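Everything on this sheet refers to the single structure shown next.
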Amino acid sequence: MHIWILSHYASPPTGSGTTRHAGLARYLCEAGHSVVVFSSALGHNHHGGNLEVPDGEMFVDREYDGVLFRFVRTRPYHNAPERFLNNMSFRANALRSTGGLPRPDVVIGSSVHLHAADAGLRLARRYGARFVAEIRDIWPETLVDLRLTTRWSPTYWYLRVLELRVYRNAELVIGLMPGLGEYLESLGIPSDRFLYVPNGFDPARFPELGPPPAEGPFVCSLFGSHAPSDGIVHIVRAAEILQRDPRGEGIHVRLVGDGPCKPDLIRLAGELGLRNIEFRDVVPKPELLPIAETSHAFIYNHPYMPIVERYGMSPNKIFEYLAMSRPVLVACKSLNDPVREAGAGLTVTPGDPHALAEGMIALRDTPPDERAAMARRGREYAVENHDLRKLAVRIERRLVEIP
């Protein structure tokens, strides 16, 4: 099959952003299929930077592991309204960037935003291909939970109509969260058109790490975006609590990533005089391993959102954490909890710096043998349930069944 994937923020395997589609596409190619990933040439937060598109051209091509990435020109942005226009420009320009490609048999349109999914629907109709929608974030409901819009806003209803158009016209809907079947049924879409395929990791790129350092501070690391929706400020406040509490002696917080909140977070840590926290720049995923190996535990932080509590979560970050064989401290309230299911760490209340601080103390005080057992269970769970090769097989089996 010739498969096209429309995913605005898809990152190549050498990047620092979302590598889900790079991994799935690689294994689909190994199974004998041809895959093209359409992504934006303009980076987004930790997406991996910008690619120069020559003047007068609409896209630039790069090949990774046998997968063609077509990076599409999109308009720059500096605020939320401009970002909305950036999303729309991805749809418009992707529709104009199909030259020189074999006719697709299947087109997968993937959110986060619905304009990318709608671009997939339009291309599938243009070429008479089967259309598959992929839900990686529930728009517009997520925007309501983040207080970026309301249900009375024209933007909400514009996105709601777009959502219904995309999902109701899909032969198959892939969802990353386990409760999405219920959500689709609420939209009138039968459950037999839903396929649960969570995020995962590539074992070839995330080998099991050796043991952490036996000497020195107990390092708790977070890798990822520093955006308002990530709630990193609670981790900085937790570091403040640890510095004031004698029990926090010897615990060090490491934040690796980038995003619009990072300058304010660094400023806050300076104002608080924190000596137990460090900020590092975003790095490509292949360069994460040496940093991860010097960590004793990882942190996953997600502010409370009703939609996550009801339908679940599937953050790429958690499965990569588990794969790297370290205990994980989770601050999230969700329908599912992979770390708890794996017995690979601790879960605390989101949005509570005191709970985060107590979680780090508890992990530090856990005997090393038990922390090693947590790490081993996490790796085993990730390999069994979130190996991208296995997830690609799950998708391939359903694609060949579509009439």
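Just so you know, all these numbers are worked out from the coordinates, no wet-lab data involved. Small disclaimer: the values here were computed from a predicted structure and weren't measured. Glycine gets a Cβ as well: all are built from the backbone with ideal geometry, and neighbour counts include every protein chain shown.
Points to keep in mind about this one:
- Count Lys and Arg as plus one, Asp and Glu as minus one, and take only other residues whose Cβ is under 12 Å from that of V256; the net charge is then +1.
- Residues whose amide H lies under 5 Å from that of A10, counting only those 5 or more places away or on a different chain, are S40; hydrogens are built 1.01 Å from N in the peptide plane.
- Gyration tensor verdict on the range 218-385 (Cα atoms; rounded if a/c is under 1.5, prolate if a/b is larger than b/c, oblate otherwise): rounded
- Once the chain from R125 to R75 is taken as fully extended at 0.36 nm per residue, the excess over their C-alpha distance is 15.5 nm.
- Peptides ranked, highest mean first, by Cβ atoms within 10 Å: ranges 90-96, 57-63: 90-96, 57-63
- Virtual spin-label span in nm between I291 and R103, 7 Å along Cα→Cβ: 4.7
- Near the amide H of V36, within less than 5 Å, lie the amide hydrogens of I3, W4, I5, all on another chain or at least 5 residues away, with H placed in the peptide plane.
- For the range 294-403: rounded, prolate or oblate by the Cα gyration tensor [a/c cutoff 1.5]: oblate
- Given charges at Cβ of Lys, Arg, Asp, Glu: the chain dipole, positive-most of G99, S334, V282: G99
- When peptides 23-34, 128-139 are ranked by their average number of other Cβ atoms within 10 Å per residue, the highest-first order is 128-139, 23-34.
- Annotation for N385 and A92: the two label points, set 7 Å from Cα along the Cα-Cβ direction, are 4.3 nm apart.
- Net charge over other residues, Cβ less than 14 angstrom from the Cβ of V339 (K, R count +1; D, E count -1): +4
- Distance in nm between pseudo-label sites at L148 and R83 (7 Å out along the Cβ direction from Cα): 0.5
- At most 10 other Cβ within 10 Å, DSSP loop - trypsin sites (Lys or Arg not before Pro), the range 255-312: R275
- Given (1) 27, 58, 15, 0; (2) 26, 55, 19, 0; (3) 25, 48, 24, 4, the label whose value is P(r) over Cα pairs in 20 Å bins from 0, in percent derived from this model: (1)
- Amide H contacts of Y64 (H built 1.01 Å from N, under 5 Å, at least 5 apart or other chain): F69
- The count of lysine pairs in the chain that are at least 8 places apart or cross chains, and whose C-alpha atoms lie under 23 Å apart, stands at 6.
- Computed per residue of the chain from DSSP H runs no shorter than four, each worth -39500 (n - 2.57), the mean residue ellipticity at 222 nm is -12000 deg cm²/dmol.
- The dipole here belongs to the chain: it is taken about the Cα centre, uses +1 on the Cβ of Lys and Arg and -1 on the Cβ of Asp and Glu, and is about 1020 debye.
- Surrounding net charge for G99, when Lys and Arg each add one and Asp and Glu each subtract one, Cβ distance under 14 Å: +3
- Backbone phi angles across the range 110-117, fed through the Karplus curve with coefficients 6.51, -1.76 and 1.60 (θ = phi - 60°), yield HN-Hα couplings of 10, 6, 6, 8, 6, 5, 5, 5 Hz in residue order; Gly and Pro are listed as x.
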